[in-house]
Amino acid sequence: MPAEKNIKEALESIKRIQPGELVVVEYSSLDPVHLVVLLIILSRRDEMNVIVSDIFDQLHVVLSHLKIMGIQTGWVNEIPVIKFGGIMPRGSVIRRISLLDTPFVWHMEYMEAVKTIQGMKLVVTLGFEKLITIKPEIPASTVCRLLLTSCPDDEIKIVFVNRDMLTESILEDIREPATRVFRLGFAGRKLTLTIVKSLSLKNYGKTFSVDTGELVAYLTQLTQKAGNPGQ
């Protein structure tokens, strides 16, 4: 049975992620991943500069789902966004990267964009699986090596991956450089989080759950307190 976690415990778990770490969050197309994206961003934005790497307008999808649920989204207006393809300008776009270029060019332009933001950084990548499926002629290992293996000491990378869109062998390519891998699930109003990989060996295989009703109420209250003039 999954161990119950309240919101405070979930936040403490997020805050234990250290600079220099690459964290992969795997989810399915039916999971309410938008709630987890918002929880991670809001939990660290007061202590780190949050950057969103938005692949094929996945940020727009997340914001649309939050807004329909009644959760304010004006907080995104001040967040720097690096766009890989797509047409929906959400957040403060600091760089647009063409997917017509090679993965090497993606990597160089991405690194240049991140370096324009000073201080400690939390980089949240949405839609990473689309970088792999858009150019099937390029080995997934090449894309992963260029975009996932480098994580400086002043940066945390959290990469969201829709596991339904990739084969298990490609998921293994993504998991290999990660310091932590979490697998989301959703059943019976509970959002579950299984630890697939961790630097803490005793946590391997553990599953925790959070009541989604409590999580929605918490996020709604938190975003209202933030003001959100752009809603």
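Looking across Ile17, Ile55, one residue alone is within 15 Å of the chain's Cα centre (by Cα), modelled with pLDDT under 95 and either within 17 Å of Gly185 (Cα to Cα) or of a type in the set (Val, Ile, Thr) (or both). It is Ile17. What residue, among those in the stretch 116-144 that are in contact (Cβ under 8 Å) with a residue 12 or more places away in the chain and charged (D, E, K, R), is farthest from Phe182 (Cα to Cα)? Result: Lys135. Selection of the stretch 144-170 for residues being among the small types (Gly, Ala, Ser) and either closer than 17 Å to Gly127 by Cα or outside any helix (DSSP H, G or I) (or both) yields only Ser150. Restricting attention to the stretch 58-76, report how many residues are part of a loop (DSSP other than H, G, I, E, B) and of a type in the set (A, V, I, L, M, F, W, C). Number of matching residues: 2. Looking only at the stretch 77-119, residues that are more than 22 Å from Glu129 (Cβ to Cβ) and either in contact with a helix residue (DSSP H, G or I) (Cβ under 6 Å, 6 or more places away or on another chain) or assigned to a strand (DSSP E or B) (or both) come to 3 in all.
Applying the condition of being among the hydrophobic types (A, V, I, L, M, F, W, C) and modelled with pLDDT of 90 or more to the stretch 187-213 and asking which residue is nearest to Pro177 (Cα to Cα) yields Val196. In the set Ser141, Ser98, Ser64, only one residue is of a type in the set (S, T, N, Q) and surrounded by fewer than 14 Cβ atoms within 10 Å (Cβ to Cβ); that residue is Ser98. Of all the listed residues (Glu26, Glu12, Glu47), the sole one being surrounded by fewer than 22 Cβ atoms within 10 Å (Cβ to Cβ) and either among the aromatic types (Phe, Trp, Tyr) or not in a loop (DSSP other than H, G, I, E, B) (or both) is Glu12. Could you list, in sequence order, all residues of the stretch 123-138 that are surrounded by fewer than 21 Cβ atoms within 10 Å (Cβ to Cβ) and modelled with pLDDT of 90 or more? Matches in the stretch 123-138: Lys130, Thr133.
The values are calculated or read from the model by the stated rules, or taken from the named source; none is laboratory data. What you are looking at is a predicted structure, and each value in this text was computed from that prediction instead of being measured. Note that each Cβ is placed from the backbone with ideal geometry, even for glycine, and that neighbours are counted across all protein chains shown.
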